[in-house]
Structures are given as C-alpha cells and as structure tokens.
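Notes to accompany the following structure.
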Amino acid sequence: MEERKTAAIVLGTIALIVIFFAVILPKARHSGTQTISFRQCTVNFVYGNEGVDSDIYSAAQNKLGLCLCNYYQQKPDTAVANRIIQIYSKYDNNYADSLHLFNNIDSIIKHKSNLLDTMILVE
C-alpha cells in the first residue's frame, strides 16, 4: 500500500514537471513586448498568443505604416515611401483584391485610414 502512494506521488510530480516544460515554459519565453521601427516611427506590441501571432504582427506593421504615412506627409522621402508600399502590399488583407488600385504612394496616403486599418485585423 505504501508503495502505491509513493508511486502516485512520484508519477504526479513527473506529470507536473512535464506539463511545466511542455506548456508553461514555452509560452513564457514566447510572450513579451516586441518593437518594430523605421525612421521616427516605433510600434510596441505584445507577441505571445499562439494562433493570432500573425494577425498581431500584421496589425503592428499596419500601425507602423500609418505612422510612416504621417511622417511622409510632413517630410516626403523615397525610403519611407518604399517602406509604406512594402507594408501595404505585404500585410494589408482588407483590399488585397484591389491591390492594383492603390499601387502608388499618393493613393495609399490618401486612403491610409481604410487601407492600413489595424482594428480589422485584431477583431
């Protein structure tokens, strides 16, 4: 009888250790605040919810794109324009079927609030 209690305690402890290393520890390592930046724009976001990481990263890129649009309106720069177009073409999922309509920087800047809307991606 005593051997069964000892075996149950040992097996229970081993199961808890396995759960800790397989489930809890990887999530703790993966979650945290990440930062992306370009020129004067910086976006901080929490990265760690498995399954929605790509949406969170896309929303952060779009938020960076919105900031870069505002920066570009104040001080036009070719590198900033290229980065905005890159963000729009890679991370925007709202108007993917009409990508050819917004292929230059002026049309993206004009429709920035609709094209780079971060709420659509996170909801």
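The values are calculated or read from the model by the stated rules, or taken from the named source; none is laboratory data. Please read these numbers as outputs of a predicted model, since none were measured by experiment. We place every Cβ from the backbone using ideal geometry, glycine too, and count neighbours over all the protein chains shown.
Among the residues of segment 32-51, is any assigned to a helix (DSSP H, G or I) and at pLDDT 80 or above?
Checked against the condition, which is being assigned to a helix (DSSP H, G or I) and at pLDDT 80 or above, segment 32-51 yields no hits at all.
Just one of the numbered conditions (1) modelled with pLDDT of 70 or more; (2) farther than 18 Å from residue 113 by Cβ; (3) exposed (fewer than 12 other Cβ atoms within 10 Å of the Cβ); (4) assigned by TED's automatic domain parsing to the domain that holds residue 107 is not true of residue 74; which one?
(2) is the only condition that residue 74 fails.
Would you call residue 56 part of a helix (DSSP H, G or I), touching a strand residue (DSSP E or B) at 6+ places or on another chain (Cβ under 9 Å), modelled with pLDDT of 65 or more and at negative phi?
The answer is yes for residue 56.
When only residues in segment 80-110 that are at pLDDT 85 or above and over 16 Å from residue 61 (Cα atoms) count, which is surrounded by the fewest Cβ atoms within 10 Å (Cβ to Cβ)?
Result: 106.
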